[in-house]
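See below for the structure under consideration.
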Amino acid sequence: MNLIRETINRLKLYRPGKPADQVERELGLKEVTKLASNENPLGPSPRAVAAMVEALKEVRLYPDNDCYHLMKAMAKHLDVPEDWLIMGRGSDEVIHLLGLAFVNPGEEVLMADPPFALHESTAVVMDGVAVKVPLKDYMHDLGAMREAITPKTKLIFISNPHNPTGTMVTRREVERFMDGLPQGIVVAFDEAYFEYVDSSEYPDSLAYVRQGRNVVVLRTFSKIYALAGLRIGYGIAPPNLMQHLRQVRQPFNVSNVAQAAATASLADKEQVERSRLVNQEGKRYLEGQLRRLGLKFAPSQANFIFVDLRLDSVAVFEKLLRQGVIVRTGDIFDFPTHIRVTIGTQADNEKFIAALEKVLSQGV
Ligand SMILES: *Cc1c(COP(=O)(O)O)cnc(C)c1O
């Protein structure tokens, strides 16, 4: 008899980006620049840091299970009732809760190929079937995804912008997708990079929640709010769905430190604006430099760029590492000649371009 559940054999281990201090230790380098995990180079709001310091004095206690202050601030920020919200240990946890609440064994979970890794593992861990629909020109192919719906489809993930490509699906495309969608399917819009989007074509996914559709919107404090290390994200859904996500959530899942930091971050609009501007300028700079180097890349609405180097990305990764720059290789996404690079500060971006140019001139 098998000790473990059979479906566990189908799970791949998550491979995170390398931590900078590990690379520094291993290669004896100083000042390694990590552009591998889409973290905000500016760091969190000083107000959030002050709130965290205060909250540290209370860690003897279990956190507020209802996230009272944060929920009030979030409801105001998003203009939705509090019972439409759930806080998670990162939006990753809310993705997992979607699987726990909705996916029976054998049911299908639809997503792009390559998907965001957690979308697939959530399907598999529930003994569901991950149905993956290839990207078209680096973008979700919502037409093909719509055609891939079967009577067994239970949950659909649309990451918008997508990770690893940074591409966006438009309001029109989403309208067409949602129009006449069969009953009994939950659509999850994973909007981890929501605050970075600067396109006027971006869909208003919250409108579907307001209409009472079976829609869950996922957002996070990890990206523009620069709180990735604290693990805090959230979901927004109509109360009839939310009630079931709450049933499967573990108590005390969000620490008091994370709650305090998130609440203070929401109040600091300038920090968000600054982060957005640094990202926009960085994106413009990097895109210009990549064009100068004759490289193709996916159109990004996020804080990273997916670039085709037309070279083995693992070999390039190793060479960039030796120059103190960590990026993400495309091989794990079945794009073996691509890398995903996070947009950093201007200094980070210049260091990356100089390192890349050196690798390209030397070859791999
Ligand atoms: C970064 C990311 C997340 C989640 O991050 P958390 O830190 O768990 O909130 C979710 N979805 C996508 C597509 C991401 O890139």
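Odds and ends about this structure:
- Qualifying position, being farther than 26 Å from P41 by Cβ and among the basic types (K, R), among R249, R231, R291: R249
- Filtering region 147-154 for residues that are more than 12 Å from the ligand (Cβ to nearest atom) and hydrophobic (A, V, I, L, M, F, W, C) leaves a non-empty set.
- Region 159-187, residues that are in contact (Cβ under 8 Å) with a residue 40 or more places away in the chain and closer than 16 Å to V131 by Cβ: S159, V186
- For region 133-142, the criterion of being on the phi > 0 side of the Ramachandran plot, within 16 Å of the ligand (Cβ to nearest atom) and open to solvent by 40 Å² or more (accessible area, probe 1.4 Å) is met by at least one residue.
- Every residue from region 208-235 that is surrounded by 21 or more Cβ atoms within 10 Å (Cβ to Cβ) and away from the ligand (no atom under 14 Å from the Cβ): Y208, V209, V215
- One residue stands out in region 16-52 among those that are of a type in the set (K, R) and surrounded by 11 or more Cβ atoms within 10 Å (Cβ to Cβ): the one that is farthest from the chain's Cα centre (by Cα), namely R25.
- Of the numbered criteria (1) away from the ligand (no atom under 16 Å from the Cβ); (2) in contact with a Phe, Trp or Tyr (Cβ under 8 Å, 6 or more places away or on another chain); (3) polar (S, T, N, Q), the one N40 fails is (1).
- Any hit, region 121-128, residues being open to solvent by 20 Å² or more (accessible area, probe 1.4 Å), of a type outside the set (A, V, I, L, M, F, W, C) and more than 14 Å from the ligand (Cβ to nearest atom): yes
The values are calculated or read from the model by the stated rules, or taken from the named source; none is laboratory data. Nothing here was measured: the structure is a model prediction, and the numbers come from that model. We place every Cβ from the backbone using ideal geometry, glycine too, and count neighbours over all the protein chains shown. Protein only, heavy atoms only, side chains kept; ligands, DNA and RNA dropped before computing areas. Shrake-Rupley method; radii C 1.70, N 1.55, O 1.52, S 1.80 Å.
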